[in-house]
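Here the structure is laid out as C-alpha cells; the discussion comes afterwards.
The values are calculated or read from the model by the stated rules, or taken from the named source; none is laboratory data. Every value quoted in this text rests on a predicted model; they were computed, and no experiment measured them. In this analysis, Cβ positions are derived from the backbone assuming ideal geometry, glycine residues included, and neighbour counts consider all displayed protein chains.
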Amino acid sequence: MEGHCECKKVSFEIKQKITYFSHCHCSQCRRMHGAAYGSFIQVNRPSFTYKLGEDSIKTYASSKNSQRMFCKNCGSNIMVIVNDLPDSFFVALGLVNGDPELPEAHHIYVGSKAPWHDINDDLKQYDEEPLEYDNP
C-alpha cells in the first residue's frame, strides 16, 4: 500500500498486512488532526519506506513518550512514534491511498473524547489504550 501527504512532498510505501487499526480520541490526536479523532494503523518499521520527502518531515515531541511526524510544507500528520514500541510506527490512515485491507478498528482514549462527539458504531471502546499492540 502507498500513501502521501496533502502536498505530495512526502510519500511512502508499506509492505505488510495491517493487523492493528484504531481511532484515537485523545486530546493530542484531536488537536493534531483538527477532528474528533485520529485513525492510525500500526506498521513494523522495516515494512515502511519513504519513497519521497524524508527531508520534508518535521518531528514534534508531543509527550515524554511519543513523537509526531508531519510534513513541514503542508502540515499533514504522517505518523506517531511511541517510545515504548520502538519497532513500530503508527501511520495516519487518512494518508493511505485507496481502500486497503484492514482489520476491525477499535476506539482508544474514549475517556477523553470530545464531549460534542458521539460514537455511533459497535466497535470496541477503551477508556485508554488496550495494550494489544502487535509486537513485531
Check your understanding: P86 is checked against (1) more than 24 Å from K8 (Cβ to Cβ); (2) modelled with pLDDT of 95 or more; (3) in a loop (DSSP other than H, G, I, E, B) and fails just one. What number does that condition carry?
Key -> (2)
Check your understanding: Here is a list of conditions, (1) surrounded by fewer than 18 Cβ atoms within 10 Å (Cβ to Cβ); (2) in a helix (DSSP H, G or I), and Y60 meets all of them except one; can you say which number that is?
Key -> (2)
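In contact (Cβ under 8 Å) with a residue 24 or more places away in the chain and over 19 Å from K113 (Cα atoms), is that true of Q16? If you could, list the steps in order and put the result at the bottom.
On the way: in contact (Cβ under 8 Å) with a residue 24 or more places away in the chain: yes; over 19 Å from K113 (Cα atoms): yes.
Taking the combined requirement at face value, the residue satisfies it.
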Check your understanding: Picking from S47, S56, S62, which residue would you name as being within 28 Å of H117 (Cβ to Cβ) and either at pLDDT 95 or above or hydroxyl-bearing (S, T, Y) (or both)?
Key -> S62
Point to revise | Complete set of residues in the stretch 95-125 that are touching a strand residue (DSSP E or B) at 6+ places or on another chain (Cβ under 9 Å) and among the charged types (D, E, K, R) | key: E104, K113, D121, K124
